[in-house]
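Colleague: The structure follows.
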Amino acid sequence: MIVEMLGHSIEQLWTEVPDDDTEPHFVPLAGTSPAEPQADSGMDLNEMKRTGAMAVRRAKDFLLGADRERVGEDTLGLLDDEVQRLVIEYPRVPLSAIWPDLLETQDQVFRLLEGGRVRPSQLRDLNVKAALLSFLVAKGFNDMEVPHEAMTMTRVAAACAREAEHPGLIALTDGLK
């Protein structure tokens, strides 16, 4: 990434970079060179990511609301993917990077549980998701040194774990208490 970002090879980076405007010589990692002129697409990459993320959030809201009478398998699959991503990313990325997604996904699971549109066969699965997400939020509050909110969220996680009758999550939440 440093080679790509600075436009110099690793060998050049370990030495002093010349002050003149010599063009760097390196093999690009992504198939393009920062020295070559790029086609102006008219939109900044960060803006594209931001607007794309907004479109994804809108699509998720659509899918979560599309199952008006009953929660569908696509909705549960979407939540499965999101919970799995958050559980994997939690120890690997800064909390500030996933905090909004964590809170939003927890809210979506709570709304489904409160909405009464859940089949009995889906109830345990949603309670497991709620327990996992609440545990991560509690851990986040703990990491931010906000003990009161951490304990409240831990109690929510424990209640969801008990509702799901999941011994592992019950033990995990009891440990966090």
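Colleague: Looking only at the stretch 137-177, count how many residues are in contact (Cβ under 8 Å) with a residue 40 or more places away in the chain, open to solvent by less than 20 Å² (accessible area, probe 1.4 Å) and of a type outside the set (V, I, T).
Modeller: Residues that pass the stated criteria total 3.
Colleague: Where residues in the stretch 104-130 are under 22 Å from G175 (Cα atoms) and either assigned to a loop (DSSP other than H, G, I, E, B) or among the polar types (S, T, N, Q) (or both), which of them is nearest to the chain's Cα centre (by Cα)?
Modeller: Per the stated criteria, the residue is Q106.
Colleague: Which condition does V93 not pass, out of (1) open to solvent by 80 Å² or more (accessible area, probe 1.4 Å); (2) modelled with pLDDT of 90 or more, if it passes all the others?
Modeller: Only one criterion is unmet by V93, namely (1).
Colleague: Would you call T51 of a type in the set (S, T, Y), at pLDDT 85 or above and not in a loop (DSSP other than H, G, I, E, B)?
Modeller: Numbers: of a type in the set (S, T, Y): yes; at pLDDT 85 or above: no; not in a loop (DSSP other than H, G, I, E, B): yes.
Spelling it out, it is not the case that T51 is of a type in the set (S, T, Y), at pLDDT 85 or above and not in a loop (DSSP other than H, G, I, E, B).
Colleague: Out of curiosity, is V87 open to solvent by 30 Å² or more (accessible area, probe 1.4 Å), without any contact (Cβ under 8 Å) to a residue 24 or more places away in the chain and either touching a strand residue (DSSP E or B) at 6+ places or on another chain (Cβ under 7 Å) or within 27 Å of M54 (Cα to Cα) (or both)?
Modeller: Values: open to solvent by 30 Å² or more (accessible area, probe 1.4 Å): yes; without any contact (Cβ under 8 Å) to a residue 24 or more places away in the chain: no; either touching a strand residue (DSSP E or B) at 6+ places or on another chain (Cβ under 7 Å) or within 27 Å of M54 (Cα to Cα) (or both): yes.
No.
Table: residues versus (1) farther than 20 Å from K139 by Cα; (2) outside any loop (DSSP other than H, G, I, E, B); (3) at pLDDT below 95.
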{"site": "R57", "(1), (2), (3)": "yes, yes, yes"}
{"site": "V71", "(1), (2), (3)": "yes, no, yes"}
{"site": "G77", "(1), (2), (3)": "yes, yes, yes"}
{"site": "I98", "(1), (2), (3)": "no, yes, yes"}
{"site": "L102", "(1), (2), (3)": "no, yes, yes"}
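Colleague: Which members of the stretch 104-135 meet the condition of being at pLDDT 95 or above and surrounded by fewer than 20 Cβ atoms within 10 Å (Cβ to Cβ)?
Modeller: Of everything in the stretch 104-135, nothing turns out to be at pLDDT 95 or above and surrounded by fewer than 20 Cβ atoms within 10 Å (Cβ to Cβ).
Colleague: May I ask you to list the residues in the stretch 131-177 that are charged (D, E, K, R) and either more than 19 Å from the chain's Cα centre (by Cα) or within 21 Å of Q108 (Cα to Cα) (or both)? Before the answer, list the steps.
Modeller: Our first condition is that a residue be charged (D, E, K, R); within the stretch 131-177, this holds for 139, 143, 145, 149, 155, 162-163, 165, 174, 177.
Residues satisfying the conditions are K139, E145, E149, R155, R162, E163, E165, D174, K177.
The values are calculated or read from the model by the stated rules, or taken from the named source; none is laboratory data. These figures come from a predicted structure and were not determined experimentally. Reconstructed Cβ throughout: ideal geometry from the backbone, glycine too, with neighbour counts over all protein chains shown. Areas reflect the complete protein model, heavy atoms only, side chains present, ligands, DNA and RNA absent. Shrake-Rupley method; radii C 1.70, N 1.55, O 1.52, S 1.80 Å.
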